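S.K.: Pasting in a structure now, in structure tokens, and then I'll have a few things to ask.
The values are calculated or read from the model by the stated rules, or taken from the named source; none is laboratory data. None of these values were measured; they are calculated from a predicted model. Here the Cβ is made from the backbone with ideal geometry for all residues, glycine too, and neighbour counts use every protein chain on show. Surface accessibility is based on the protein's heavy atoms, side chains included, excluding ligands, DNA and RNA. Shrake-Rupley method; radii C 1.70, N 1.55, O 1.52, S 1.80 Å.
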Amino acid sequence: MKSKNDILNIKNLHTSFRIKDHYYHAVEDISLTLKENEVLAIVGESGCGKSTLATSIVGLHPPGNTKVTGEILYKGKNLVEFKEDELNKIRGNDIGFIFQDPLAALNPLMKIGEQIAETLKYHTKLDENKRKERVLELLDQVGIVNPARVANQFPHQLSGGMRQRVVIAIAIACKPKIMVADEPTTALDVTIQAQILDLLNDLQEETDAGIVLITHDLGVVAEVADRVAVMYAGQIVELATVTELFRNPLHPYTRSLLNSIPQADSNNERLEVIQGMVPTLTKMPRKGCRFAPRVPWIDETKHEENPALHEISKDHFVRCTCWKDFHFEHQEGGLQHELHAN
Amino acid sequence: MSFMQIKDLNVHYPIRGGFFNTVVDHVYAVDGVSMEFEKGKTYGLVGESGSGKSTTGKAIIGLEKITSGQIIYEGQNVTNQRRKRNSAYNRDIQMIFQDSTSAMNPRKRIQEILAEPIRNFMKVSPQEEKRRIIELLEIVGMSEEALLKYPHEFSGGQKQRLGIARAVACNPKMIIADEPVSALDLSVQAQVLNFMKDIQNEFGLSYLFISHDLGVVRHMCDHISIMYKGRFVESGTREEIYANPQHVYTNRLLSAIPNIEPETRDERKIKRRAVEAAYKADSHKYFDEKGKVYPLKDLSQTHKVAMMGAERGGM
């Protein structure tokens, strides 16, 4: 790993949505930094607020019924306070965005080449011929075999993997410093997924961009991420480097998630299950450890009253203290117990 | 002994065009697939999108017209009976769909949704019917409160379980599960998979488990077939497929599965590149001039692979 500078600094970010005259926090008190040339993965189940976090970074929420507070510092400026036209200058230029569903992200009535050129037209001073050249160059860069033909096609004529490549081409058109990828491979087959992830990795090596990767797939995280933030119910519950997180997961939620993956080499008949489900926005508990209702066998006194992120070891943060005494339902003793036993 | 055999199943869609809108070509969605099902086993059908795995499932249950081929169920040829009402085949083979939301009528209550198969296939009194519905809800771990609710009031995992409840209503012999957990979160996925195993043990069900997720398939299935462009490229027991894959396409799929060990990811990337290169270089060994898959050849009693020069070993 090279030495890295922070390029994005998120401080105490809250995003709340209005539901019947009340604002509910979907993202609560998130502080994160993204470094150059780094893949920061954000994982969690649906409803944990990970996509909301992504869209907050680029200001894609309708201002009428959303409240965003806190700071998102990019080059010393706070994106939260930016007006729409200021944001427009940054989106697509400094920050690229890759959406989950490439078909919905592309205009069905516009040729691929024009869609990529549109970004260039808005953000650069290239003339038409230069733009065309750049479009073909970009398509080539994202691994499309026949750029000239594809540039002249419409989105529906391409396969899912090709479309996602086009969306990536648009995202990297202006060589952004930051890329936000919201479930970029969820809609794709495994072989295509592997190709797209390899592509993102290669592009990053070329451009030194920082990538925020939103995903629910821990396998994908293990393949590409450098650091991982695990989100639950709008909060970060664990933050660590990828090797640390998979070798030494601490928070009960992280451990439960890892435990519910069908494991290749175990012949265990039953998968571990997390009881209950992610609370909905309106029913989210606003006090205490939010994961507590899903691990009812853990004594209440083990949770903190106001769970904070604690730095357990260098660069490894865990929320609440309940991890110390956490054990799976059918096991005895907690993590500390095990540590002592060893 | 297998209770059901699929013999040389073909589903071709005509492509029309030309002057008089004549049939100019066919899409070979399913192209000569044969399978056998034994009681209490789970059969995996794996492939990328467009490989014809869902079409195979739908053709077996009768949602898709068969161009040619036979389905033998308990010694009888049921190929043409699949869509008849009240046939035993229709009762004994059921299906679970990927998108449980669109598989249920949004304007019906759960009790009506679950009553439908019972009314179709069993002659029971209303009291008996109600008792069976409550029993079904118990099987899938839900309370009687669910009876009067509508599908949208449930979460994804609950809806998928209700879909399973509907499928097991008439004590089927086999359930065709088309991507049953693909739309679910990890922990919910674990719930549904556990539950599918439970009812399998309890009722001796067989599953045809259609999925693109090789991790889930490995967890669930005894026997796995890999499909590509309407044909099987490889078929064998779980151990044979995962420990000793023969076909380059199987290898390619396996090497693409993300693994949760970040330490070894660079090695995996190199291996993935090597497999990808082999896939391009040796494709003539595995696919004929038209890009079609060769016919399956036996490697052992259970392991079949479609490639040139595959010799009959073992046996």
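Residue-by-condition table, conditions (1) among the hydroxyl-bearing types (S, T, Y); (2) under 30 Å from B:G230 (Cα atoms):
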position	(1), (2)
B:I61	no, yes
B:T67	yes, yes
B:S87	yes, yes
B:Q94	no, yes
B:I133	no, no
B:L136	no, no
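Quick grid of which residues meet (1) more than 30 Å from A:V145 (Cα to Cα); (2) out of contact with any helix residue (DSSP H, G or I) (no Cβ under 7 Å at 6 or more places or on another chain):
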| position | (1), (2) |
| --- | --- |
| A:I192 | no, no |
| A:E206 | no, yes |
| A:G234 | yes, yes |
| A:N248 | yes, yes |
| A:Y253 | yes, yes |
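S.K.: Hey, could you check the stretch B:223-241 for residues that are among the acidic types (D, E) and open to solvent by 10 Å² or more (accessible area, probe 1.4 Å) and say which is farthest from B:K304 (Cα to Cα)?
M.R.: Looking at residues that are among the acidic types (D, E) and open to solvent by 10 Å² or more (accessible area, probe 1.4 Å), I get B:E239.
S.K.: In the stretch A:166-194, how many residues are open to solvent by less than 30 Å² (accessible area, probe 1.4 Å) and either touching a residue at least 40 places away in the same chain (Cβ under 8 Å) or part of a helix (DSSP H, G or I) (or both)?
M.R.: Residues that pass the stated criteria total 20.
S.K.: For A:L126, indicate whether it is open to solvent by less than 80 Å² (accessible area, probe 1.4 Å), in a loop (DSSP other than H, G, I, E, B) and not hydroxyl-bearing (S, T, Y).
M.R.: Against the criterion (open to solvent by less than 80 Å² (accessible area, probe 1.4 Å), in a loop (DSSP other than H, G, I, E, B) and not hydroxyl-bearing (S, T, Y)), A:L126 qualifies.
S.K.: On to the next question. Mind listing just one residue for me: the one in the stretch B:41-63 that is open to solvent by 20 Å² or more (accessible area, probe 1.4 Å), of a type outside the set (A, V, I, L, M, F, W, C) and in contact with a strand residue (DSSP E or B) (Cβ under 6 Å, 6 or more places away or on another chain) and, of those, farthest from the other protein chains (Cβ to nearest Cβ)?
M.R.: Ranking the candidates gives B:T55 first.
S.K.: Let me ask something else. Given the criteria part of a loop (DSSP other than H, G, I, E, B) and either among the polar types (S, T, N, Q) or modelled with pLDDT of 90 or more (or both), does B:S49 qualify?
M.R.: Judged against the criteria, B:S49 is a match.
S.K.: Looking at A:T215, A:T243, can you tell me which residue is within 18 Å of the chain's Cα centre (by Cα) and at the interface with another protein chain (Cβ under 9 Å from one of its Cβ atoms)?
M.R.: A:T243
S.K.: Please count how many residues of the stretch B:107-131 are open to solvent by 40 Å² or more (accessible area, probe 1.4 Å) and either without any contact (Cβ under 8 Å) to a residue 40 or more places away in the chain or under 25 Å from the mean Cα position of the chain (by Cα) (or both).
M.R.: Number satisfying all stated conditions: 14.
S.K.: In the stretch A:280-306, which residues are in contact (Cβ under 8 Å) with a residue 60 or more places away in the chain and either open to solvent by less than 70 Å² (accessible area, probe 1.4 Å) or not in a loop (DSSP other than H, G, I, E, B) (or both)?
M.R.: Listed by number, the residues that qualify are A:L281, A:T282, A:M284.
S.K.: For the list (1) within 14 Å of another protein chain (Cβ to nearest Cβ); (2) modelled with pLDDT of 90 or more; (3) within 15 Å of the chain's Cα centre (by Cα), I need the number of the one condition that B:S225 fails.
M.R.: Among (1) within 14 Å of another protein chain (Cβ to nearest Cβ); (2) modelled with pLDDT of 90 or more; (3) within 15 Å of the chain's Cα centre (by Cα), the lone unmet condition for B:S225 is (1).
S.K.: Quick one: B:Y242 ticks every box in (1) in a helix (DSSP H, G or I); (2) without any contact (Cβ under 8 Å) to a residue 12 or more places away in the chain; (3) over 20 Å from B:Q98 (Cβ atoms) bar one, so which box is it?
M.R.: Only one criterion in (1) in a helix (DSSP H, G or I); (2) without any contact (Cβ under 8 Å) to a residue 12 or more places away in the chain; (3) over 20 Å from B:Q98 (Cβ atoms) is unmet by B:Y242, namely (2).
S.K.: Can you find, within the stretch B:70-88, the residue that is farthest from B:S2 (Cα to Cα) among those that are touching a residue at least 24 places away in the same chain (Cβ under 8 Å) and surrounded by 18 or more Cβ atoms within 10 Å (Cβ to Cβ)?
M.R.: B:I71
S.K.: Please find, among B:K108, B:K84, the residue that is charged (D, E, K, R), over 18 Å from B:Q160 (Cβ atoms) and outside any helix (DSSP H, G or I).
M.R.: B:K84
S.K.: For the stretch A:221-255, which positions are in a helix (DSSP H, G or I) and crowded, with 23+ Cβ neighbours inside 10 Å?
M.R.: Result: A:V221, A:A222, A:E223, A:V224, A:L245, A:P252, A:Y253, A:T254.
This table checks each residue for (1) assigned to a strand (DSSP E or B); (2) surrounded by 20 or more Cβ atoms within 10 Å (Cβ to Cβ); (3) in contact (Cβ under 8 Å) with a residue 24 or more places away in the chain.
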site	(1), (2), (3)
A:T33	yes, no, yes
A:N37	no, no, yes
A:I42	yes, yes, yes
A:S46	no, no, yes
A:L53	no, yes, yes
A:S56	no, yes, yes
A:G59	no, yes, yes
A:K67	yes, no, yes
A:E71	yes, no, yes
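S.K.: In the stretch A:85-107, is there at least one residue being assigned to a loop (DSSP other than H, G, I, E, B) and of a type in the set (A, V, I, L, M)?
M.R.: Yes, the stretch A:85-107 contains a residue that is assigned to a loop (DSSP other than H, G, I, E, B) and of a type in the set (A, V, I, L, M).
S.K.: Kindly indicate whether B:N10 is open to solvent by 10 Å² or more (accessible area, probe 1.4 Å), at pLDDT 90 or above and either of a type outside the set (K, R) or not assigned by TED's automatic domain parsing to the domain that holds B:I210 (or both).
M.R.: Taking the combined requirement at face value, the residue satisfies it.
S.K.: Just need a number here: residues in the stretch A:167-211 that are β-branched (V, I, T) and more than 12 Å from chain B (Cβ to nearest Cβ).
M.R.: Selection size over the stretch A:167-211: 8.
S.K.: A follow-up question, please. Starting from the stretch B:276-291, keep only residues that are more than 19 Å from A:I196 (Cα to Cα), then list their pairs with residues that are surrounded by fewer than 14 Cβ atoms within 10 Å (Cβ to Cβ) whose Cβ atoms are within a distance under 8 Å, requiring at least 6 positions of separation or different chains.
M.R.: B:H284/B:M308; B:K285/B:M308; B:K285/B:G309; B:Y286/B:M308
S.K.: Here is a follow-up. If you go through the stretch B:159-176 one residue at a time, do you hit one that is closer than 23 Å to B:E74 by Cβ, within 14 Å of chain A (Cβ to nearest Cβ) and either in contact (Cβ under 8 Å) with a residue 12 or more places away in the chain or within 19 Å of the chain's Cα centre (by Cα) (or both)?
M.R.: No - not one qualifying residue is present in the stretch B:159-176.
S.K.: When you scan the stretch B:177-187, how many residues do you find that are over 16 Å from the mean Cα position of the chain (by Cα) and either basic (K, R) or in a loop (DSSP other than H, G, I, E, B) (or both)?
M.R.: Total satisfying the criteria: 2.
S.K.: Could you tell me how many of the residues in the stretch A:316-342 are of a type outside the set (F, W, Y) and either modelled with pLDDT of 90 or more or open to solvent by less than 30 Å² (accessible area, probe 1.4 Å) (or both)?
M.R.: The qualifying residues number 8.
S.K.: Give the residue, chosen from A:T254, A:T301, that is under 19 Å from A:L53 (Cβ atoms), more than 11 Å from every other protein chain (Cβ to nearest Cβ) and not acidic (D, E).
M.R.: Among A:T254, A:T301, only A:T254 is under 19 Å from A:L53 (Cβ atoms), more than 11 Å from every other protein chain (Cβ to nearest Cβ) and not acidic (D, E).
S.K.: Separate question: Report every pair of residues separated by at least 6 positions or lying on different chains whose Cβ atoms are under 6 Å apart, first residue within the stretch B:195-207 and within 15 Å of B:Q94 (Cβ to Cβ), second among the small types (G, A, S).
M.R.: That search, which allows pairs on different chains as well, returns B:G204/B:G40; B:Y207/B:A177.
S.K.: Same structure, new question: Out of the residues in the stretch B:188-222 that are away from every other protein chain (no Cβ under 13 Å) and not in a strand (DSSP E or B), state the one that is surrounded by the fewest Cβ atoms within 10 Å (Cβ to Cβ).
M.R.: Here the answer is B:E202.
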